[in-house]
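S.K.: One structure is given below, represented as structure tokens, and several questions about it will come after.
The values are calculated or read from the model by the stated rules, or taken from the named source; none is laboratory data. Predicted, not measured: the structure shown is a model, and the values here were computed from it. Note that each Cβ is placed from the backbone with ideal geometry, even for glycine, and that neighbours are counted across all protein chains shown. Areas reflect the complete protein model, heavy atoms only, side chains present, ligands, DNA and RNA absent. Shrake-Rupley method; radii C 1.70, N 1.55, O 1.52, S 1.80 Å.
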Amino acid sequence: MPDLKENRREDADAPTATSGPDVPPSESAGKQWWLSAPYLLICVAVAGLGFWSGPKLARWYRYTPPVIQTGERYKVALRGDEPQLGPNDAPVTVIEFSDFECPFCSRASEPLLEAIGDHAADVRLIFKHFPLYGHRRATPAAHAAWAAMQQGRFWEMHDWLYKKRAELDGLPAEVKRLGMDGEPFGAQMESDEAAADIDNDRLAAGLIGVTSTPSFFVNGHAYRGVISRRGWNDIFEAELARASALIGAGTARGDVYGQLMADANDRRNVSSIAGTPRDKTGTP
């Protein structure tokens, strides 16, 4: 009878099949660790990307398009010397009424400016002051922005005031940083002209029923609240389509806004204003 015990011993001593050359255990373990390092780095990178982009993706999926206004247009009274971004012949004109102390105005500014940058040749922004009387810092901040405009630095001051929520501590240093002359700046802030222009903007707001900030008129169509960059792009595309029809019929680019305002209302009853649904990506 064969010795089963001996057979088991021989089987144990026999070499086993491998897919490659024999590697000492310590060397094999080292190679496996180094081979796993890129995998670990990839895992860490993916986890970090998910942590960073998760909220952004969530906002993207929650996106609710703004209600594109197609009804009555309203004509905002303009002096012609208001701060402006964008070309004079832009077929889409956005008029903004804002308050530098208002947190929603601050949040609304960046996506609006980004969307205007997406349509730099076709959209212009005109800024109107509407400091709310309940905001004690808003009117002095509007005066500071007006004074900065006199020295060609309105938009830089605009951004700083939003960042500071209209707190003027540090204003002298900011005036110096922007390369403005401090002595005339102070006189311009306190001038009767600054007060008159800001009051004129308030009057223009009242005529067309503006009661809150931020409020916008896009080729005369009213919007308000915080709207995302994507929402603004939807609004601009809709208005550009209407403007293109006029241009195709022979209207010059620079005359589109004037033609749209020819039949627009220059008064609006406050009681008739319906709340425009806000883009949920920007809802407080």
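S.K.: Show me, for the range 181-191, the HN-Hα J-couplings you get by feeding each phi into the Karplus relation (A = 6.51, B = -1.76, C = 1.60, θ = phi - 60°), rounded to Hz, glycine and proline as x.
M.R.: 3J(HN,Hα) across the range 181-191, in whole Hz: 8, x, 5, x, 4, x, 5, 5, 4, 8, 6.
S.K.: Rounded to the nearest 0.05, what FRET efficiency is calculated for Leu207 and Lys176 with R0 set to 25 Å and r the Cβ-Cβ distance? Mind dumping the intermediate values first?
M.R.: Values: r = 38 Å, r/R0 = 1.54.
Calculated value: 0.05.
S.K.: Out of the total accessible area of the range 86-207 (probe 1.4 Å, heavy atoms of protein only), what percent is carbon and sulfur? Numbers along the way, then the final one.
M.R.: Details: 2660 of 5220 Å².
C and S fraction of accessible area: 51 percent.
S.K.: With a probe of 1.4 Å, find how much accessible area the range 86-167 has per residue, and write the answer as a whole number in Å². Could the numbers behind the result be given before it?
M.R.: Values: 2980 Å² over 82 residues.
On a per-residue basis, 36 Å².
S.K.: Sorted by mean Cβ packing within 10 Å, highest first, what order do the peptides 155-161, 178-184 take?
M.R.: Values: 155-161: 20.1, 178-184: 12.7.
Highest mean packing first, the order is 155-161, 178-184.
S.K.: Now for a different question. Report the gain in length on full extension from Glu237 to Glu183: 0.36 nm times residue separation, minus Cα-Cα distance, nm rounded to one decimal. Intermediate values should be presented prior to the final figure.
M.R.: Values: separation 54, 0.36 × 54 = 19.44 nm, distance 4.45 nm.
Net length gain for the segment: 15.0 nm.
S.K.: While we're on this one: Per residue of the range 151-167, what does 6.51 cos²θ - 1.76 cosθ + 1.60 with θ = phi - 60° give for ³J(HN,Hα)? Whole Hz please, x for Gly and Pro, Karplus curve as stated.
M.R.: 10, x, 10, 4, 5, 5, 5, 3, 5, 5, 5, 5, 4, 8, 6, 6, 6
S.K.: HN-Hα J couplings of the range 202-207 from phi, Karplus 6.51/-1.76/1.60, θ = phi - 60°, integer Hz, Gly and Pro as x?
M.R.: 4, 5, 4, 5, x, 4
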